[in-house]
Amino acid sequence: QVQLVESGGGLVQAGGSLRLSCVASGIIFSTWDMGWYRQAPGKQRELVATITRAHRTNYADSVKGRFTISRDNAYNTLYLQMSSLKPEDTAVYYCKIERSDSWGQGTQVTVSS
């Protein structure tokens, strides 16, 4: 059974940093492209960043230069390092196995101004 468990969310002031983690089980993690998505209240879920099996990365324009996606295949873990956070980054953040219907339960990130 595939399971994705996010952690690391919380409340932070604007300009601060957080690191999100997503631990995967039930899959051969190293063989899958992975992604982080987010959904703010009243808005559609949107792509934040993706990372391929070969560690190639892609970012939404809104987070380029501030967020870094990475993975540690030895620990089946996906990361999202978020810096210079803005109030508009407030959302529930989800990890996802790309090209699948497998999502985590989400972790709340709240950035205060």
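The values are calculated or read from the model by the stated rules, or taken from the named source; none is laboratory data. A quick note: this is a predicted structure, and the numbers were derived from the prediction, not measured. Positions of Cβ are backbone-derived with ideal geometry, glycine not excepted, and every protein chain shown enters the neighbour counts. Protein only, heavy atoms only, side chains kept; ligands, DNA and RNA dropped before computing areas. Shrake-Rupley method; radii C 1.70, N 1.55, O 1.52, S 1.80 Å.
A compact table of results
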{"item": "Strands (runs of 3 or more DSSP E) contained in the range 23-79 and holding at least 3 residues touching a residue at least 40 places away in the same chain (Cβ under 8 Å) and not acidic (Asp, Glu)", "result": "34-39"}
{"item": "Residue within the range 25-47 that is within 16 Å of the chain's Cα centre (by Cα), within 17 Å of Ser70 (Cβ to Cβ), polar (S, T, N, Q) and surrounded by 14 or more Cβ atoms within 10 Å (Cβ to Cβ) present", "result": "no"}
{"item": "Single unsatisfied condition, Ser112 versus (1) at pLDDT 95 or above; (2) open to solvent by 50 Å² or more (accessible area, probe 1.4 Å); (3) within 18 Å of Gly10 (Cα to Cα)", "result": "(2)"}
{"item": "Residue check, Glu88 acidic (Asp, Glu) and open to solvent by less than 50 Å² (accessible area, probe 1.4 Å)", "result": "no"}
